[in-house]
Structure formats: structure tokens, C-alpha cells
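In what follows, a structure is listed as C-alpha cells, so that the remarks can point back to it.
Computed from the coordinates by the stated procedures, all read-outs in this text should not be read as laboratory data. Quick caveat, the model's predicted, so the values are computed rather than measured. Here the Cβ positions follow ideal geometry from the backbone for every residue, glycine too, while neighbour counts run over all protein chains shown.
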Amino acid sequence: MIGILVLCVLYQSGTNEPTDVMAKVKEVPRPNHIAPSFELIGLDGKSYHVGGQRDKLLFINFWASWCEPCHMEARDLQDIFNKYQDQLDLYAINVTYQDSRSGAVDFVSEYELTFPALLDESGDVSRSKYWVDGYPTSFLVNREGIIVESYYGLINKAELEQHIMKWMQ
């Protein structure tokens, strides 16, 4: 898989320099790599910045209102936030470019979500920075701004809680 990615990058860039390829491959967010920085506006009208060191762990969840697994995990994410909000920031990033603002508002209201719901209206964060192509997709980021866990698909609440406890220490 990595070999195919490297060949695609080489073909697209028109160069044979390995350093160019490795720079592009490192951009794919995964554990032990720096979480890509971004700034988005939330449904509350506030601006949220992600990048670099922070006081708490961060859980980033990409979702859409039409995504059934996103509905299935919404209550669990709210429970996690209620329990760990002093040690964990949780940002729910709606892929608004594939969804709608009204869909996001209805989803947040239906599940009475109290953590920030951010709007990725251009798709820049989900597509270009985090390479998200399925929902839900989530990342746990440590206080140093490094991705420590990634989750593709529905999250097991007990497993997520174990990871949070592990990385809080």
C-alpha cells in the first residue's frame, strides 16, 4: 500500500527525489505523527484552533448527519465528554461540504451534544489535512500535539476509554 502511494506521489510530482516523496507521505495523519493544524468555526460561532501543544488530550471526530454509525456513537461520545471534560477536549467536525449546516444543527440537537461541533464547509480539514474518506473517523491527540490513536469506523466506548486513561498519565 505504501509502495503504491509512493509511486502515485512520484508520478504526480514528476520527480524521482525520495525526500519529496517522504515529505508527502509524512503528511498522512497516523499515530506517532504531528496532528495537522487547522482552525474552524463551531456551531456556537466561536473559532477553534488545533495545532501544537495543549493543556489536555484532544479527541477529533469527523462525522456527517447522514452517517448511521455516527448516530450510533453520538451518545457514547457525549458520555465520554461528560466524564473526562476536565482532561479531554472533544471536537466533532462535521464534514459540511458533504452534509449541510441544518443537518449538523439537527444532529447536535437530537443528541444534546455539549462539546464543540465544528463546520468543515470547504472540506480542507477532512480531505486535505486528515485524508478522511469514511465516517466516522477519529483521532486521539496527546498534549504535545502528536496523534497517538486513530479510529476508522464506529468506536468501541470501552476501548476509547482505556486509550484515554492510558494517554492521560
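Structure notes:
- Phi-based couplings in Hz for region 99-110 (Karplus 6.51, -1.76, 1.60; Gly and Pro marked x): 10, 8, 4, 5, x, 5, 4, 4, 4, 4, 5, 4
- Rounded to whole Hz, the Karplus (6.51, -1.76, 1.60) HN-Hα couplings of region 146-156, x for glycine and proline: 9, 5, 10, 8, 10, 9, 10, x, 4, 8, 7
- Total formal charge among the other residues, if their Cβ is under 12 angstrom from that of Glu39, Lys/Arg +1 and Asp/Glu -1: 0
- From least to most packed, judged by other beta carbons within 10 angstrom and beginning with the fewest, Asp99, Asp76, Asp124 follow the order Asp124, Asp76, Asp99.
- Extent along principal axes [Cα atoms of region 79-145; Å; largest to smallest]: 31, 31, 16
- The spacing between region 53-83 and region 119-146, judged by their C-alpha centroids, is 12 Å.
- In this rough spin-label picture, where each label sits 7 Å from Cα along the Cβ direction, the Asp76-Asp55 distance is 2.9 nm.
- Amide hydrogen proximity for Leu57: with H placed 1.01 Å from N in the peptide plane, the residues at 5 or more positions away or on another chain lying under 5 Å are Asp89.
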